[in-house]
């Protein structure tokens, strides 16, 4: 372990934790093995950083939990938030109080409001996510058109269904929803449901015909 003394901080295995000289860590925080705190990182009081957490130039408020093997680079994380496991917060990521970023979620230059959730397998880039919004699995903010980056705005209490592609610039209104598997290219009004997918068609007897053809 490098850097300044950390009074009141519980370091479970000092030989396997790296803390650079300008890092600040608040009292009652717990650091598990293989945590790395780099640059001008500031960790608040009562945080828990689980194994393999890697933070650079990042600020954590009080009571934040970083689950194993998460990478935070230039992020700002509000009180009571939970990040990971296996999450990535890139520069410009801001999480307000009690927001949740789960496993295999990447956040870049985006703001998540209080209590917003992106629990798994999503990409949020150049996005504004309102308080209490829920981002489903597989959601992507398609922010790059090959030339320029464009913003996505997701309103308060919105529900973005799994595997939704939000083609920026686009806005999903307050309390609006998107159906799973939708490609959303137009703004969704407050309280509306956007369905942007082809209609399902079932073909009866298809499996039996295929097996007969194979024989």
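What follows draws every value from the coordinates through simple rules; no lab data is involved. The shown structure was predicted, so the numbers you read here are calculated from the model rather than taken from an experiment. When we count neighbours, we look across all protein chains shown, and the Cβ atoms used for this are built from the backbone with ideal geometry, even at glycine.
Considering all alpha-carbon pairs of the stretch 159-215, what whole percent are spaced by more than 13 angstrom?
Percentage above 13 Å: 64.
Please compute the Kirkwood hydrodynamic radius of the stretch 44-83 from all pairs of different C-alpha atoms, in Å with one decimal.
Evaluated over the stretch 44-83, this radius sits at 9.7 Å.
At 7 Å along Cα-to-Cβ for each site, give me the label-to-label distance between residue 148 and residue 104 in nm.
Output for this residue pair reads 3.4 nm.
Roughly what % of Cα-Cα distances in the stretch 102-181 sit above 16 Å, to the whole percent?
For the stretch 102-181, the share of Cα pairs beyond 16 Å comes to 42 percent.
If you build the Cα gyration tensor of the stretch 10-198 and take the root of 5 times each eigenvalue, what three semi-axes come out, in whole angstrom, biggest first?
Ellipsoid half-lengths, sorted descending, are 33, 15, 13 Å.
Short version: what are the Cα gyration tensor semi-axes of the stretch 1-80, square root of 5 times each eigenvalue, largest first, in whole Å?
Numbers: eigenvalues 47, 34, 32 Å².
So the equivalent ellipsoid measures 15, 13, 13 Å along its semi-axes.
Counting pairs of alpha carbon atoms under 8 Å apart in space and at least six apart in sequence, what relative contact order in percent does the chain give?
8
Need the full-extension length gain, residue 185 to residue 197, defined as separation in residues times 0.36 nm minus the C-alpha distance. One decimal, nm.
Using 0.36 nm per residue and subtracting the Cα-Cα distance, I get 3.2 nm.
In nm, what is the difference between 0.36 nm times the number of residues separating residue 175 and residue 22 and their Cα-Cα distance?
50.8 nm
Taking a label point 7 Å from the Cα of residue 62 along the Cα→Cβ vector, which residues of the stretch 79-105 have an amide N closer than 15 Å to it?
So the set is 79-81, 97-98.
Using alpha carbons only, how many angstrom separate the centre of the stretch 99-141 from the centre of the stretch 19-51?
Computed from Cα coordinates, the inter-centre distance equals 24 Å.
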